Structures are given as C-alpha cells and as structure tokens.
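Written below as structure tokens is the structure these notes are about.
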Amino acid sequence: MSDRISVAKTYKLYIGGAFPRSESGRSYPVNDSRGGFLANASQGSRKDARDAVAAARKAFPGWSGATAYNRGQVLYRVAELLEGRREQFVAEVAASEGTKRGESIVDAAIDRWVWYAGWTDKVASVFGASNPVAGPYFSFSVPEPTGVVAVLAPQASSLLGLVSVVAPVIATGNTCVVVASQDRPLPAITLSEVLATSDVPGGVVNVLTGRTAEIAPWLAAHADVNALDLTGAPEAIKADLERAAAGTVKRLVRSGRGEPDWAREPDVSRLRAVLETKTVWHPMGV
Amino acid sequence: MSSNWEYAPAPESRDIANLKPAYRMFVDGKFVEGSGEPLKTVNPATEEVLAEVGTASAADVDNAVKAARRAYDRIWGRMPGAERAKYIFRIARLIQERARELAVLESLDNGKPIRESRDVDVPTAAAHFFYHAGWADKLGYAGFGPDPRPLGVAGQVIPWNFPLLMAAWKIAPALACGNTVVLKPAETTPLTALVLAEICQQADLPPGVVNILPGAGDVGSELVNHAGVDKVAFTGSTEVGKLIQRSLAGSGKKMTMELGGKAANIVFDDAPLDQAVEGIVNGIFFNQGHVCCAGSRLLVQESIADELLDKLRYRVSTLRVGDSLDKNTDVGAINSRAQLEKIQELAAAGDAEGAQRWTSPVPVPEKGFFFAPTVFSDVQQSMRIAREEIFGPVLSVLTFRTPDEAVAKANNTPYGLSAGIWTEKGSRILWAAQRMRAGVVWANTFNRFDPTAPFGGYQESGFGREGGRAGLEAYLDV
Amino acid sequence: MSAPSTTELSEVTRDDASLRRFLHGLPGVDQVGVEQRAATLGTRSIKKASKLQAIDTAISMVDLTTLEGADTPGKVRTLTAKARRPDPEYAEVPHVGAVCVYPDLVATAVAGVGDSGVGVASVATAFPSGRSNLAVKLADTELAVEAGATEIDMVIDRGAFLSGRYGQVYEEIVAVKAACGDAHLKVILETGELSTYDNVRRASWLALLAGGDFIKTSTGKVSPAATLPVTHVMLQAVRDWRDRTGELRGVKPAGGIRTTKDAIRYLVAVHEVAGPEWLTPKLFRFGASSLLNDLLMQRRTQLEGHYSGPDYVTVD
C-alpha cells in the first residue's frame, strides 16, 4: 500500500450526456457485498426521471435515424472503451457482487456488447420481410425502434445483466432511461462514463441511480415512454408497474421470478421486444 | 334517359343466409345452451331482430377453457404440424364453399354492404386460414428457433366491425401454432362466428380446439382473466384494451392488442388526384368508417385543398347509402344505435368547435341506423374530431404547407395504427413512410389487407402483429 | 387551386414548351388505383326497369360501325337500315346515334339514313394509322364532309405524341376541326398505342384544348381497344374540362364492347365518374358493331321474360 491518499470518485446521474447530481440533492451510501462503504450515489427523483425521459426523447430522432452501419460502429467503439477500462470494471463488479469471477463477468459483458453491436445492421434483414400479397402491390415490412424504453436494470448482475438489457435496446435504435441496480449501481455509472466518452450521442442512454421502487412508477406511467423493461423491478410492485404502463399501452418486457442466467448465450428476444413492425404498401403499375 | 337514371334495387336474397331463429354457443365440439342471459341480435339496417343467441356465463367460460385445455394437452398441442395444417386447409376451403351464405349473414348481422362482405370480408377470411395452414408444419423456419412451442389456450375477444374476418385473424394463426382457442365474438355480431364453428365441425376439427362463446363484455372479461388462459388476444377499442392490459398485470399472460386509430391520409400537391380521392373515400367510408385503421384525418397540402375537396365532395355524393343486402350499396348501416349516437355526438362537437360540416345529399333510409357520409373541413388539430376516433363515416380535413408539417401533424396523436401518403414522387414516399409512427403505411393506396402482410399498431393502437411471419410470434412461446 | 380561366388555358397552347409544361403538370394517374375503381364500379348490379332504360340509352348511343376493306354500298345500306330501325318488331326501340364508315361510303350512308336523325360519321385523316401528311389528312376530311358526314372521327399522330411533339398534334387537330365545318369532331387517341394512363390523360387534354367535340379511345384496329379504366380517365378529363370551362365535351369508347353487360358497365361509369348529364348520345357514344344485336336480344329478354336467341335479331 502506498501512503498516498487516493482521489475518491463521485458517482452521479447520467442524463442527456451530462453528469448531474440529483435535482433532489439526495444521495445514498453504496456498500460492497460485505457492507463496507464504497461511495455515495445520487438518489434520483421523479424529476430526474422526467428529465431523463425528455433527454431520451430528444435523442431518439437522431439515433433511430442514424444508419445501422453507423450505430454498429458507434457501439463497437463502446466495446473498445470497455476493454480499456476492464480493470476498473473488474474491481467494481467484484466489490459490488462479492464475486471472485469479476474478470470473466467483465469479459462476458464486453463480448455481449460486441454481439449486440453486430446486430444493428442485421435486424432489418432478419425481422423484416417482403410480403407476397395477393394483388398488384409491393408490400414490405421493416422493424423499427419502438421509441423511448424505460429499463429497470437487473438488481443482482450489475454489469453483465446491465449490458444484456441495455445493448439490445440501443442496438435497435431506441433510446433509454435506465434505472441502475439499486444496491450495485457503480458499474452502471462507470458504463455511463464510457458512453459519455464514446460516440454514443448524449441522451441515447440515460442512467438513474436511486430507489427502483421510487423511480419506476413514474417511468411506468410516463406518457412519453413507449416500453418498459421490468427485469429489475421488485416483485412486490411488478403488477402495479404493469397496471401503470397500461395507461398508455406500453410494450412490456417481462421476466419471471428471479434473474435470468446472464451468462447464458443470448437470443434475439430482447431485440424483438423493443421493435415495432411497420408494413408499407405501394401499387405496382406504369 | 339523361339525368334520371335510378338503379333499381338489386338485393341479394336473404334466404341464402340460412338464418336460424336461435343460435347456441360452441363448446368442446358441440353446440350447447349457454347459461347466460340470451341476447337478441338485430339487423342494424332494419332494426328487426334476426335471432336469439345463447350467451355464456362464468361457468360456461370455465367449461370452455377446460375443454380447450384438454384438447391442447391431449390432441392439438401434440399433433404434428402437417396434420394440423390439413384441418386448417379444410376450414379455408369450407369458408370458400359457404362464402355466399357467410357474406349474406355477415351483412344482415353487421349492416355492412354485401359488396364488401362478399368481396373483402369472406375471401380474406378464407385467405387467412389458407395462409396460416401452410405455416403449421414450417414453424421451425419462421425465425423463432428450430422448434418453437405453442402457448396453450388462447382467449380471444373480437369486435363487431369485421366479425368473421377478425375471427379468422385470431383463430388461424393460433391453430397453426398449435394453440387451442376460446373466442368471444362481439355482442352485436355473433352469427358468422357461430357458422364458423359449424365449419369447424364439418372440418372434423377435434372437439375443444375451437370454442365460441357469445356474450357481452362481462364474458370477455371472464375469459381473459381466466387462470386457464395462457394467451390473450384482443381487438377493439383502446379504452377496453387498456382495461384488459391493466387487469392482466402480473398474470404473466402473453398479450396482443389491436386497438383504435386516428390515421392521417396525407395528400401532397403532386398526388394522382383522382386515385387519391378514391383512396380517401375508401379510407374513411369503407365499412361505414368502422375500421380501426380508417383514414379519418385527411391532411391535404394547402395549394390543392380546394380542388381536391371539390372532387372529393362530388365523389362522396355518388356513394349509395342504404340496404346492406343491395349489391349497389356503398355505405351500409351503422352497427348499433349506441354507435350511431356516438357518431352523432362527435359530429355535433365538430359543429360546436367551428368545423364546416358537409353532408352528402344522398337519400338515407328512415328506418335502421344510418349516417350519411360527412366531411368536415376547416378542422384544427385541437378539435375533438381531429383527435378522437369517431369510428363512423365522418372525415376531418386539415391542411398543411410543407412535408415536415404534414409529418408532424400526422404523428401528433397517441395512436399509431396506419397512415396514408399520396404523391407521385418516390423519394418523398419513402421519406414520409419512414417518419410515420404507424404500423401500416399505405402509399398511393389505402385499406389493403393481406394475410402475408403484418398488421398492427404503434403506441396506443396496440402491440403485436397479425399476419405474416411477424404475426406468428403472438402465438408462440418465444 | 382555383380553376384557371379559359384565357389561361388558351395560353398553354401558345407553343410546344407551354403545352408540355401544362400536360406534364396534370395530376398523374395511378394504374392500380384506376383499374381498381373501374373493377369495383363494374360490380354495380343493374336490374329491371333501370336495365331496360340502360339498354335503350345504349342503343341510342351506338355508332354502328363498319370499317373493312371489304365494305360495299350494299353492306352500308344494310347497316343504315338497321341503324334507323334496330328491331323491326319493336317500333319503340330508338335509332342508333350514327353509322360510321370510310369516307368513300359516306354518300351511300347519308342516303341510307335519310331524315331519320341517325348521324353519319366518317373516319378520316389517313385512318387508322394517321401516317400521312397534313394536306392528305385535310383532303380526306373534306371529302367526307362534302359527302355529307355530320361527324368526323380523326386519328391523332401517335408518333408525334409519343416523341413529345405536342404542338404538332395540337395543330393538326385544330386544322382538322377547321376543315370539319359544322360536322362534329371526334378525336381518336388510339389509347392502345399510348401505353400509359398518364399519356391517355395528356392526349385527352390535348384534344380538348384543340377543340375536339369528343375524345375517342380507339380505331378498333389496335389491341387493346376500349377498356373501362381508359374510359374512366377520359371521363375524368371531360368532367375536369367542364369544371374549368363550363363546356360539355363527349367521350366515345370504341372497339371490344360486345355485350350488354359491358355497355352497362360503361354507362355506370358515365353516370358516376362524369355525371348524369353525360348520359346522352350528344355526349357519349359506343363505337361498336356486334354490340347492337346483343342489346336487342337482352331487350327482348327483359320484355319477354325468357332468353332470346341470335335468330330473333337481324344479322346485318
């Protein structure tokens, strides 16, 4: 151990490409798996959630309108940066999750990100179609991003789980507001820092830390949110969140009790869940 | 004969409908008495009672769901896809064979013109079964993994605007994917679904695979909330869709929702005008405007607004309103008194808010539920008739100056089911189509439907798709 | 858009460039849309009294036509007799609109129709191809007019039209119109050679601008001849012309219309696309030969309550 006093990091929210503190001025202590103090995190409020949704909406036309090739490159670049911060992530994951498998988790998270980055320009050919309609029309269907997605990130898997739910949302051209794992938020903030220094435009991913049960209902009911990923929702309020989401007919991403095994190879269901299908018709004639 | 050529009545014979005095619900392969309060279904074009129809009670719903479960567990869920396919093909053929009967019955019960039930509803219903039959043994190629599994029992609730066609949209993919079905037709239009049940019998479909329970909203509520139902598919109003989504919160049931709409039909100044007029007419007066994807908001570029409206009013004045069984009727009866009152109320709101009402001078029958084709001009975005779904033959006309303004106005709604674009410029079509927040975009055409083409909405118009490869997802555990 | 005044319309014919600007500025026609509309309108079911009325109207609109190399005065006399009195057993059957012959047989036709009110139409202008110079075309027209033709059916120069020489087509029509004197001018567009509905719309407007009293689909020598959707586009043109100028111009589909069912589909189109005021032989004609006998047979079926047969109408 050196005698030097390290420079402690301040963990803040990530909204619209900036790192504000919560407008509420609140923070809460984040501990490691054994209860030791790690840092204070901002305790996001409903107003922070509102600002985050506004930022996500503002970023949506640009991000969804970017070419798939461009989105792919931008996301791949994020993986490059993740690789560069590998040691920091390993330390944070290990501290948060109390695991000795930090390295393999971070490796899997980076690989997961690369996997989704490669999907950006495959989605349309895999999920789209030319429809052989019975008439003199050309009809085709294309997948399109559903819009602003509120993501309640997994509570346990602070990085791999987080990446597994965020990457498919933005790979498909959506923008999102992520509520980080309540007790393990540090990797999410560090990921924000990576995103901020990457080419991902501000507002595409917004990260809130704080009490999931406090913030989630505001997102579930927000009329400018198009979809809600309930993965990290506390069981006790899942049904309430679904009810609130029904108010504007939101798309829901539901998972069963407990967290999925994030180490398992992913499939395309998380991509499909945040895609709309648009069918276009045009007559064929001279 | 200049100027006074009247078309003599050309009614399709109602005998073809084989109308029976009483209809019963269909459970476990048999027509049985329901223990709910029977309902009387009415011909909206004449207000006469057509038949008495037995309805389901909560116990009947339970029986039907159990029958569907047994059929799923013991037969249908295990049957090889190739065998399922042959049953579904049979149903398609039987619909074609009984097409005329179904068309006449549909027009009697619903009020829609026979030309539409004959040329659109029934053939498209048969096409849906034919298309999905072929999927039953090819699901491994549908992009959902090598062996996608069905969900189990599907509870399906459909509206009154396309009674047989909506039943086909719901039942065909469900069966193809290996699910069994309990379907509730709309309270005011139960008859063709019960003939479809008869067709299932004629096709020798195993008992319990398809069950049809007539009744009102309470039956629908019982059905979707039944613990034995794994999948809920609903087509209807956004209001009821939200209620269902709320009531299913936390249930884990897979849902698809096809809800309301307030589609914009955008006409640019370089549009093929005469066809645009046809498309506008088809968009809002097809099926009396009882279409969730109806082009109920016309957005026309200011520079051609007067010319287009002149052409439109002339064209609308040629629409023939009346007897739904007359082969020359273009606009039939409003499906119910309640719906007619809703249309009248919204039209009155249009007057009150300062829009200019033009009503077709066409003669309208005194008896029955009718509403003459109506065009409101000088409509502003803030008016109710520009924002609320009227679900009737009422068009709201707004204007725009630039393509950006057109797109912004078109998307300025919580709905997102369909949109129309009229321009001869190809790049503009693709530009606008990309920007429409709508599940179906018709360019230089409107209201086209095909089983191969996915249909469904964005935002409050619902989620999930019907038709095409995308539509299979709704009935698979993926 | 407010309807441009007639002075504006006269300006568009000033030169080739103005004509091109105007014709290419007309709204496009979507093929699928117009064909769909024609097919849907074709499902109208016309029964009983309205059918009888339609049959009589259609008879009065027939331009009973013979345009064969083998035509003789005898053939034309047979035709004129039929034209005057289509069904000898039913005196109330109206006479047809006109007989239509080649210029050299006009005099025979004029004598044959007498004072019956049946018009005599003559094809002219190097019919059917139009491949000659203007002087020959005008001489052809004058020959027919001098022989007593009351109607001239001219052909446009499709070659000139398709290569974009609209001014030339326009000038030719204007010149033929002048040569017609009091005779009505029908301008044959030969839509089967124009290939697109956009071209049909432009050619229709060109003919209307040049003063054609009627626009006519076809010579009958080119396939396809008249079709319902083409006629829809032409009916839209005369309706739009009326909306702009207040003038009523006519439409004549010709070739391929053989049955009563076909004819009624056309009348429905006239009724609903152009408007009821076009339901008169002054504004709508059928260029046909075998159609008349089918109309007569169907008329008998309506009146007699059983199907009629070809031996009960005259073969001419």
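The values are calculated or read from the model by the stated rules, or taken from the named source; none is laboratory data. What you see is a predicted model; the values in this text were computed from it and never measured. Note: ideal-geometry Cβ built from the backbone for every residue, glycine included; neighbour counts use all protein chains shown.
Take region B:26-38 and flag every residue that is crowded, with 17+ Cβ neighbours inside 10 Å and either charged (D, E, K, R) or not assigned by TED's automatic domain parsing to the domain that holds B:ASP109 (or both).
B:ASP28
Suppose we filter region A:238-258 for residues that are surrounded by 15 or more Cβ atoms within 10 Å (Cβ to Cβ), away from chain B (no Cβ under 11 Å) and assigned to a loop (DSSP other than H, G, I, E, B); how many remain?
0
B:GLY426 is checked against (1) closer than 19 Å to A:LYS278 by Cα; (2) in contact with a strand residue (DSSP E or B) (Cβ under 7 Å, 6 or more places away or on another chain); (3) within 14 Å of chain C (Cβ to nearest Cβ) and fails just one. What number does that condition carry?
(2) is the only condition that B:GLY426 fails.
Give the residue, chosen from B:ARG297, B:ARG315, B:ARG246, that is within 14 Å of chain A (Cβ to nearest Cβ) and farther than 30 Å from B:LYS40 by Cα.
Residue meeting the stated conditions: B:ARG246.
Going by what's in this entry, would B:LYS112 be described as touching a residue at least 24 places away in the same chain (Cβ under 8 Å) and surrounded by fewer than 24 Cβ atoms within 10 Å (Cβ to Cβ)?
So B:LYS112 does not fit the description; no.
Could you check how many residues of region B:354-401 are of a type in the set (Ser, Thr, Tyr) and within 16 Å of B:VAL321 (Cα to Cα)?
3
So for region B:417-426 (the condition being farther than 17 Å from A:VAL142 by Cα, out of contact with any His (no Cβ under 6 Å at 6 or more places or on another chain), at pLDDT 95 or above and assigned by TED's automatic domain parsing to the domain that holds B:ALA136), does at least one residue qualify?
No; the residues of region B:417-426 include none that is farther than 17 Å from A:VAL142 by Cα, out of contact with any His (no Cβ under 6 Å at 6 or more places or on another chain), at pLDDT 95 or above and assigned by TED's automatic domain parsing to the domain that holds B:ALA136.
Could you tell me whether any residue of region B:6-20 is part of a strand (DSSP E or B), basic (Lys, Arg) and more than 14 Å from chain C (Cβ to nearest Cβ)?
Step one: filter region B:6-20 for residues part of a strand (DSSP E or B), giving B:11.
Pick out the ones that are also basic (Lys, Arg) and you get none.
No, every residue in region B:6-20 fails to be part of a strand (DSSP E or B), basic (Lys, Arg) and more than 14 Å from chain C (Cβ to nearest Cβ).
Does any residue of region A:28-43 turn out to be free of Cβ contacts under 8 Å to residues at least 24 places away in the same chain and in a loop (DSSP other than H, G, I, E, B)?
Here is the first cut: in region A:28-43, the residues free of Cβ contacts under 8 Å to residues at least 24 places away in the same chain are A:29, A:35-37.
Subset that is in a loop (DSSP other than H, G, I, E, B): A:35-36.
Within region A:28-43, one or more residues are free of Cβ contacts under 8 Å to residues at least 24 places away in the same chain and in a loop (DSSP other than H, G, I, E, B).
Quick check on my filter: what residues within region A:259-277 are part of a loop (DSSP other than H, G, I, E, B) and basic (Lys, Arg)? Please lay out each step first, then the result.
Residues of region A:259-277 that are part of a loop (DSSP other than H, G, I, E, B), as a first pass: A:259-268, A:274.
Passing the criteria: only A:ARG264.
For the condition crowded, with 16+ Cβ neighbours inside 10 Å and farther than 29 Å from B:LYS327 by Cα, what is the one hit in B:THR46, B:THR41, B:THR55?
B:THR55
For region B:184-191, check the following and say yes or no: at least one residue is at pLDDT 95 or above and touching an Asp or Glu at 6+ places or on another chain (Cβ under 7 Å).
yes
One residue is enough: does region B:220-239 have a residue meeting the conditions outside any strand (DSSP E or B), within 28 Å of B:TRP76 (Cβ to Cβ) and at the interface with another protein chain (Cβ under 9 Å from one of its Cβ atoms)? Lay out the reasoning, then the answer.
In the first step, residues of region B:220-239 are kept if they are outside any strand (DSSP E or B); the result is B:220-230, B:236-239.
This time we only want the ones that are within 28 Å of B:TRP76 (Cβ to Cβ), so: B:220-230, B:236.
Filter once more, so that each one left must be at the interface with another protein chain (Cβ under 9 Å from one of its Cβ atoms): none.
Scanning region B:220-239 turns up no residue that is outside any strand (DSSP E or B), within 28 Å of B:TRP76 (Cβ to Cβ) and at the interface with another protein chain (Cβ under 9 Å from one of its Cβ atoms).
Tally time: how many residues in region B:300-320 are in contact (Cβ under 8 Å) with a residue 60 or more places away in the chain and part of a loop (DSSP other than H, G, I, E, B)?
So the count comes out to 1.
Please work out if B:VAL277 is away from every other protein chain (no Cβ under 14 Å) and buried (at least 24 other Cβ atoms within 10 Å of the Cβ).
Answer is no for this residue.
When region C:235-288 is examined, which residues are found to be of a type in the set (Gly, Ala, Ser) and either touching a residue at least 40 places away in the same chain (Cβ under 8 Å) or facing chain B (nearest Cβ under 9 Å) (or both)?
C:GLY250, C:ALA254, C:ALA263, C:ALA269, C:GLY275, C:GLY287, C:ALA288
Inside region B:101-150, can you point out the residues that are within 14 Å of another protein chain (Cβ to nearest Cβ), more than 22 Å from B:GLY289 (Cα to Cα) and not in a helix (DSSP H, G or I)?
B:ALA142, B:GLY143, B:PHE144, B:GLY145, B:PRO146, B:ASP147, B:PRO148, B:ARG149
Whether any residue in region C:248-261 is surrounded by 20 or more Cβ atoms within 10 Å (Cβ to Cβ) and of a type in the set (Ser, Thr, Tyr) is what I want to check. Walk me through how you get there before you give the answer.
Residues of region C:248-261 that are surrounded by 20 or more Cβ atoms within 10 Å (Cβ to Cβ), as a first pass: C:249-255, C:257, C:260.
In the following step, the residues that additionally are of a type in the set (Ser, Thr, Tyr) were identified as C:260.
Scanning region C:248-261, I find at least one residue that is surrounded by 20 or more Cβ atoms within 10 Å (Cβ to Cβ) and of a type in the set (Ser, Thr, Tyr), so the answer is yes.
So how many residues does region C:126-177 have that are hydrophobic (A, V, I, L, M, F, W, C) and in a helix (DSSP H, G or I)?
Here the count works out to 16.
I'd like to check which helices (runs of 4 or more DSSP H) are fully inside region C:1-100 and have at least 2 residues that are within 14 Å of chain A (Cβ to nearest Cβ).
Those helices (runs of 4 or more DSSP H) span C:31-41.
For every residue, the table says whether it meets (1) closer than 20 Å to C:GLY255 by Cβ; (2) surrounded by 20 or more Cβ atoms within 10 Å (Cβ to Cβ); (3) among the acidic types (Asp, Glu).
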| site | (1), (2), (3) |
| --- | --- |
| C:PRO27 | no, yes, no |
| C:ASP30 | no, yes, yes |
| C:GLY42 | yes, no, no |
| C:LYS48 | no, no, no |
| C:LEU52 | no, no, no |
| C:ASP56 | no, no, yes |
| C:ILE59 | yes, yes, no |
| C:GLY69 | yes, no, no |
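Among the residues of region B:360-378, are any without any contact (Cβ under 8 Å) to a residue 60 or more places away in the chain, under 23 Å from B:SER303 (Cα atoms), part of a loop (DSSP other than H, G, I, E, B) and charged (D, E, K, R)?
Yes, some residue in region B:360-378 is without any contact (Cβ under 8 Å) to a residue 60 or more places away in the chain, under 23 Å from B:SER303 (Cα atoms), part of a loop (DSSP other than H, G, I, E, B) and charged (D, E, K, R).
Please determine whether any residue of region C:25-39 is touching a His at 6+ places or on another chain (Cβ under 8 Å) and either among the basic types (Lys, Arg) or modelled with pLDDT under 95 (or both). Walk me through it before giving the result.
Step one: list which residues in region C:25-39 are touching a His at 6+ places or on another chain (Cβ under 8 Å), which gives C:34, C:37-38.
Filter once more, so that each one left must be either among the basic types (Lys, Arg) or modelled with pLDDT under 95 (or both): C:37.
Checked region C:25-39: at least one residue is touching a His at 6+ places or on another chain (Cβ under 8 Å) and either among the basic types (Lys, Arg) or modelled with pLDDT under 95 (or both).
Residues C:SER218, C:SER223, C:SER204: which one is of a type in the set (S, T, N, Q), more than 11 Å from every other protein chain (Cβ to nearest Cβ), outside any helix (DSSP H, G or I) and within 26 Å of C:THR13 (Cα to Cα)?
Exactly one of C:SER218, C:SER223, C:SER204 is of a type in the set (S, T, N, Q), more than 11 Å from every other protein chain (Cβ to nearest Cβ), outside any helix (DSSP H, G or I) and within 26 Å of C:THR13 (Cα to Cα), namely C:SER218.
Restricting attention to region C:117-143, which residues are at positive phi and among the hydroxyl-bearing types (Ser, Thr, Tyr)?
Selection gives C:THR125 alone.
Could you list, in sequence order, the residues of region B:387-412 that are assigned to a strand (DSSP E or B) and touching a Ser or Thr at 6+ places or on another chain (Cβ under 7 Å)?
Scanning region B:387-412 gives B:VAL394, B:LEU395, B:SER396, B:VAL397.
Specify which of the listed residues (B:VAL157, B:VAL65) is under 21 Å from B:PHE234 (Cα atoms), at pLDDT 95 or above and touching a helix residue (DSSP H, G or I) at 6+ places or on another chain (Cβ under 6 Å).
B:VAL157
Here are B:ALA410, B:ALA438, B:ALA443, B:ALA453: which of them is within 24 Å of the chain's Cα centre (by Cα), of a type in the set (Gly, Ala, Ser), crowded, with 24+ Cβ neighbours inside 10 Å and more than 10 Å from chain A (Cβ to nearest Cβ)?
Only one candidate passes the filter, namely B:ALA410.
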